[in-house]
Amino acid sequence: MRALRLEDGTPHWSVLPGPGEEWRALPPVSDDFRVYVLRDDGLVTAHAADTGEQVWRFQLPFRLDRRCRPLLTSTSLVVPGPAHAGVSFIETTSGLPFNAFADSGPGIDVWSVSSDGTRLFAGHDSVLYCLGALPVP
């Protein structure tokens, strides 16, 4: 993942695999203060938007793929996982997990999350849940 300067498009900072690492970054999410980078190996990192300095890291208990589209709220990063794993909530300031939601039903698709501006919705396959009020930025 590479951050470019708005003024001229030149590279500003990057998040790249280290020696011996093999992973792919998913599309990042930003709240103007931090950039949240999710990797296909389940690692989530937060970086200062202006410098790229890593602020925190959290390892999810599952792998991610391009179908896993996170949702950023005013206080959390909501990360959908595979059908068996559910949805994880990571506090954006500390990087600590504070909640999770899953059902016991069978499923083959990944979870998806969305919001109408006042409520959070999560679902997979043909099931949709309203998880309640959750402010979004």
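The values are calculated or read from the model by the stated rules, or taken from the named source; none is laboratory data. The structure displayed is predicted, hence computed values, not measured ones. Note that we place each Cβ from the backbone using ideal geometry, even for glycine, and neighbour counts take in every protein chain shown. Accessible surface areas use protein heavy atoms only, side chains included; no ligands, DNA or RNA. Shrake-Rupley method; radii C 1.70, N 1.55, O 1.52, S 1.80 Å.
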- Message: I need the trypsin sites (Lys or Arg not before Pro) found in segment 64-126, filtered to DSSP loop residues with at most 13 other beta carbons within 10 Å of theirs.
- Response: ARG66, ARG67
- At a probe size of 1.4 Å, how large is the accessible area of ASP109, to the nearest 10 Å²? 60
- Task: Compare LEU6, LEU64, LEU71 by solvent-accessible area with a 1.4 Å probe and give them largest first, with all protein chains kept in place.
- Result: LEU6, LEU71, LEU64
- Message: With every protein chain kept in place and ligands, DNA and RNA left out, what is the accessible area per residue of the chain? Probe 1.4 Å, answer in Å².
- Response: 57
- Where Lys and Arg each count +1 and Asp and Glu each count -1, what net charge lies around GLN54 among other residues with Cβ under 14 Å from its Cβ? +1
- Message: Once neighbouring chains are kept in place and the probe is 1.4 Å, which whole percent of the accessible area of the chain is contributed by carbon and sulfur?
- Response: 55
- Message: Give me the net charge for the shell around THR45: Cβ to Cβ below 12 angstrom, other residues only, Lys and Arg +1, Asp and Glu -1.
- Response: +1
- Note on the structure: Expressed in angstrom and rounded, the centroid-to-centroid distance over alpha carbons for segment 71-137 and segment 10-27 is 26
- segment 1-70: radius of gyration over Cα atoms, expressed as a fraction of 2.2 N^0.38 Å: 1.11
- Message: Rounded to the nearest 10 Å², what accessible area does PHE58 have for a 1.4 Å probe in the complete protein model?
- Response: 40
- Note on the structure: For segment 26-137, the Debye formula with one identical point scatterer on each Cα and no solvent gives log10 I(q)/I(0) at q = 0.19 Å⁻¹ as -0.95
- Note on the structure: Ignoring ligands and nucleic acids, GLU7 exposes an accessible area, probe 1.4 Å, in Å² to the nearest 10, of 150
